[in-house]
Amino acid sequence: MTVDQQQRTTAPAPRRRSRREEILEIAVGLFASRGYHGVSMDDIGSAAGVTGPALYHHFAGKEAMLVAALVPVSENLLSGGKSRVSRHNGDAQAALADLIDFHVDFALANPAVIALHLHELDRLPDEPRRQIRRLQRLYVEEWVTVLGELRPDLDAGERRVLAHAAFGLMNSTPFLGGEVDRQRRAALLREATGHALLGR
């Protein structure tokens, strides 16, 4: 057996998604397309092929689904952002390019989650909403810190304005049509974001 054959044989199979994850993905898609109040638990159960009691085995209700959809996203963005900054050992230009790649990939892969966040965050109870806001602020500061090395002409508040403007660009994916293929969309978003942040 060759080394390549051994690697193919021993490579772990992709993790199978749990039923809970599948239901949550369906719920997010319905919330994003119809709005939180336009979707009932019965709608979600019907779309997922799950009866009422089985659905409530996974989630206490729509609010719990919203929390489960939005809190981990903010946690993963923060941890991913920190990881990408730290791997470049102070090279701010490389760190910024990596942050942009990371967020563009996220935005293209998760337009329904972005739409849900934009329109339904205020539906959350106070505590998870505060948690998400705090995680978001920390994520923004990763960008602001990197920009501090590249844009010494700006103060922290001005760099924060640019970071939020960049998120507006990258998080436009729920509103983009399919007439441009994904690879080209990614390239355009990366280019536009780089120009917005660096002023060139």
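The values are calculated or read from the model by the stated rules, or taken from the named source; none is laboratory data. None of these values were measured; they are calculated from a predicted model. Neighbour counts are summed over all protein chains in view; Cβ atoms, including those assigned to glycine, are modelled from backbone coordinates with ideal geometry. The accessibility values were calculated without ligands, DNA or RNA, using every heavy atom of the protein model including side chains. Shrake-Rupley method; radii C 1.70, N 1.55, O 1.52, S 1.80 Å.
Points to keep in mind about this one:
- Residues that are among the acidic types (Asp, Glu) and either open to solvent by less than 50 Å² (accessible area, probe 1.4 Å) or more than 16 Å from Ala187 (Cβ to Cβ) (or both) within region 96-109 comprise just one, Asp98.
- Candidates in region 35-79 are the residues that are in a helix (DSSP H, G or I) and of a type in the set (S, T, N, Q); of these, the one that is least open to solvent (accessible area, probe 1.4 Å) is Ser74.
- Identity of the residue in region 121-146, open to solvent by 10 Å² or more (accessible area, probe 1.4 Å) and closer than 22 Å to Phe175 by Cα, that ends up modelled with the highest pLDDT: Gln136
- Within region 1-33, considering residues that are of a type in the set (Val, Ile, Thr) and modelled with pLDDT of 80 or more, the one surrounded by the fewest Cβ atoms within 10 Å (Cβ to Cβ): Ile26
- Checked against the criterion of being open to solvent by less than 20 Å² (accessible area, probe 1.4 Å), outside any helix (DSSP H, G or I) and either out of contact with any Ser or Thr (no Cβ under 8 Å at 6 or more places or on another chain) or modelled with pLDDT under 90 (or both), region 80-95 contains not a single residue that satisfies it.
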